[in-house]
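The values are calculated or read from the model by the stated rules, or taken from the named source; none is laboratory data. Everything numeric here is computed off the predicted structure, so don't read it as measured data. Note that each Cβ is placed from the backbone with ideal geometry, even for glycine, and that neighbours are counted across all protein chains shown. What goes into the accessible areas is simple: the full protein's heavy atoms, side chains included, and nothing from ligands, DNA or RNA. Shrake-Rupley method; radii C 1.70, N 1.55, O 1.52, S 1.80 Å.
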Amino acid sequence: MAEQQEQAQQAAAADAVSTLNDERAHRLAKRAAILAAGGEAYPEHSEVTDYVADIEAKYAGLAAGEDTEDVVSIGGRIMAKRGQGKIAFAVVRDTTAEIQLFCRVNDMSETDWELLGELDLGDIVGVTGKVVRTKRGQLSVAPTKLTLLSKAVRPLPEKFHGLSDKETRYRQRYVDLIMNDDVRDTFRKRSQIISAFRRYMEDNAYMEVETPILQTIQGGATAKPFITHFNALNQECYLRIATELHLKRLLVGGYERVFEIGRIFRNEGMDQTHNPEFTTMEAYRAYSDLEGMKELAEGVIKAAAKAIGAGEQIEYQGQTIDLSGTWPSRPMTEIVSEVMGRELTLDTPIEELRAAAAECGIEVKPEWGAGKLIAEIYDERGEDSIVNPTFVVDYPVEVSPLAKRFEDDPRLTHRFELVIAGHEYANAFSELNDPVDQAERFAKQMEEKAGGDDEAMEYDEDYVRALEYGMPPAGGIGIGIDRVVMLLTNSASIRDVLLFPHMRPEKGAASGAAAAKAAQEAATAEQAAGAASPFVEPKKPTIDYSKVQIEPLFEDFVDFDTFSRSDFRAVKVKACEAVKKSKKLLAFTLDDGSGEDRVILSGIHDYYEPEELVGKTLVAITNLPPRKMMGIDSCGMIISAVHAEGEGDEAEERLNVLIVDDSIPAGAKLY
């Protein structure tokens, strides 16, 4: 039965492609006919003097069946069309709203009436006509002139729905915006939110500045950077991972309040709340502290909510969030004690803290101290328990190495994170301004980088020099703009609030960057050969097999009985998503043929994005006992092929998930 359904789906997909190709060919033929007849399918000039929303507001009181002599000129896309002899109706959408065209043969020229009959859904037209209300009460424009402004040669989809279509929506955002009112509304609100941020900051005497995106020092945060080459200076540069260090230089220079709204780039994983390219607002205020940053965070987010008419009670993913009043501050240990049902502090015996962490499914490392254990328990259990806006304070120094310590307890730092609905929205510090202390902390970061931590900061000698001139005491904050937009628009994924989220290339398509790199490599090879070849060189394999290292085959035998107890099965991937707070784990929901979903976690996020694997047929061992990973029961193991490339310490592990033919049914046993 399942096989028949799958065959039917494949046939339907093939029919859809065929229909698309036929429809596109038909529209291209119409375009050619217009041009052959001396017409314009894409004229240079257009006249739009009116907008639908304004027309609706002005003529709201027009009675049913009443005509006016008022002439308007609008432009928009044909979204619907139907005809009734000498009368035809169409719906045109402009940037503000939709309105009906009440087309009467006697009101239009013969040419325009013929054009109306040839129009397709998606065509963009210019319409001049009188405002009327039909006998059925529909406000309309009765065209006296109709002009084709842009012939749409690709048909609009009927609708977008489901996971596969969602990926298409992200990739073809322009179609998503055409078809979905709520998506257009989300991005209008995003613009309003960013404008509200700017107005709030300017009203509070902050000066907006711009700092470099290309930087020679990796600093301001602990994150893996993107690296690019600056040809003019023959210099390797980073795309910035934070704006912090340049903004604080401006405090040294004498500005008291500065902020920047801009793009940040971190070469890390993607999940519901993380994207490698994202927007933040960072702000720094001299002679301020954490309390000043709390006021700023609360004020600017409330201002953004007000700007889009959200009010102080909002809904987010099924939860009611109360933005009213003064937002509370709570120590991290208080939250941890509450969720664990017993008091846990930095003074709690280390063995008790380790046991509590293990209880949460956390794999404890022997070098972790009390502060690190408290922070891990908070990340696993505490953060998710917070619904209404809360400033989580008193962070342990182990997880805040660059923050100022408490004067009376050096185990704690002057730092807060703003948490709403289980997610972090802002991170703030009383800024470190001691140049000697800062230099020592940079040196410590360099030691960690030398030890293999590619997220550790580098030593910024110029920033230390700036601090030596004296930076006043200051408060600083970073606020995730994308997450604020998610919250205020009730969007589940960060991709829903990014107009053009980064996607892997479509199957069979090479990215522009990849093509450019291939061309550069080909040119280099041609130059090395000393002469141009008239033949196209074959592409190099993606793997240099001379550098491949394969783990030696097992020399110990496994008896047949032991092997036969491992139940290898074909499994279909129904859903796949990144595991929250894990950079490597993907959580698979699988059809194993049993009729019940199976969940397996696999640490392959460095090699695959979740959407790549949905719908694929994989191989898994299904009779392993459940193992808790990040608090989730993983019931089995996804099988992958692993090898290493490179030599010695430079060898890099590579992994390929074993993907088998889709015709193999779920649950089929492998022998």
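With an a/c value of 1.5 or above and a/b not larger than b/c for the gyration tensor axes a ≥ b ≥ c computed over the alpha-carbon atoms, region 56-105 is described as oblate. Counting only alpha carbon atoms, the long axis of helix 290-307 and the longest principal axis of the chain meet at about 20°. Size of region 606-647 from its Cα atoms: along the principal axes, largest to smallest, the extents are 36, 28, 20 Å. Rounded, prolate or oblate: which fits region 183-269, taking a ≥ b ≥ c as square roots of the Cα gyration tensor eigenvalues, rounded meaning a/c under 1.5, else prolate when a/b beats b/c? Note, shape of region 183-269 comes out oblate.
Beta bridges assigned by DSSP with both partners in the chain are antiparallel in approximately 95 percent of cases. Near the amide H of D70, within less than 5 Å, lie the amide hydrogens of V131, all on another chain or at least 5 residues away, with H placed in the peptide plane. Per-residue accessible area (protein heavy atoms, 1.4 Å probe) orders H274, H45, H246 as H45, H274, H246, starting from the largest. If a/c stays under 1.5 just call it rounded; otherwise compare a/b with b/c (prolate if a/b is bigger, oblate if not). Do that for region 230-307, with a ≥ b ≥ c from the square roots of the Cα gyration tensor eigenvalues. Judged from the Cα gyration tensor, region 230-307 comes out oblate (a/c at least 1.5, b/c at or above a/b). Dividing the helix sum by the residues of the chain, where each DSSP H run of 4 or more adds -39500 (n - 2.57), gives a mean residue ellipticity at 222 nm of -9500 deg cm²/dmol. Of interest is the spacing of the C-alpha centroids, which for region 358-423 and region 23-71 amounts to 59 Å. Using heavy atoms of the protein chains and a probe of 1.4 Å, the accessible area assigned to F230 is about 70 Å².
For region 580-663, pairs of C-alpha atoms spaced more than 15 angstrom apart make up 62 percent of the total. Computed on region 451-494, the Cα convex hull volume stands at 140 Å³ per residue. Close amide-amide hydrogen proximity is noted between F102 and V141, A142, each under 5 Å apart and 5 or more residues distant or on a separate chain (H modeled in the peptide plane; Pro and chain starts excluded). Note on region 345-440: the alpha carbon radius of gyration divided by the globular reference 2.2 N^0.38 Å gives 1.15. Remark on the chain: Rg and Dmax equal 30.5, 94 Å (Cα only). Computed from phi, the 3J(HN,Hα) profile of region 492-506 under the Karplus parametrisation 6.51, -1.76, 1.60 (θ = phi - 60°) reads 6, 10, 4, 5, 6, 10, 9, 4, 10, x, 5, 10, 5, x, 4 Hz, with x in place of Gly and Pro.
Sorted largest first by accessible area at a 1.4 angstrom probe radius, with every protein chain in place, the residues K224, K444 fall in the order K444, K224. Close amide H pairs (under 5 Å, H built 1.01 Å from N) link L149 with I124, V125, G126, residues at least 5 positions away or on another chain. A simple rule links phi to the HN-Hα coupling: the Karplus curve 6.51 cos²θ - 1.76 cosθ + 1.60 with θ = phi - 60°, which for region 461-476 gives 5, 5, 5, 4, 4, 4, 4, 5, 7, x, 10, x, x, 8, x, x Hz, with x for Gly and Pro.
When the charge dipole of the chain is built from unit charges on Cβ atoms (+1 for Lys and Arg, -1 for Asp and Glu) and taken about the Cα centre, the candidate among N180, V485, A57 whose Cα reaches farthest toward its positive end is A57.
In the structure shown, the pairs K224/K248; K449/K584; K365/K628; K189/K583; K365/K584 are assessed against 24 Å; a Cα-Cα span above that value is assigned to K189/K583. The string of couplings for region 222-237 from the Karplus curve (6.51, -1.76, 1.60, θ = phi - 60°) is 9, 6, 7, x, 8, 10, 9, 10, 9, 4, 4, 9, 6, 9, 7, 10 Hz, one whole number per residue in order, with x for Gly and Pro. Rounded to the nearest 20 debye, the dipole magnitude of the chain is 2500 debye, with +1 charges on Lys and Arg beta carbons, -1 on Asp and Glu beta carbons, and the Cα centre as origin.
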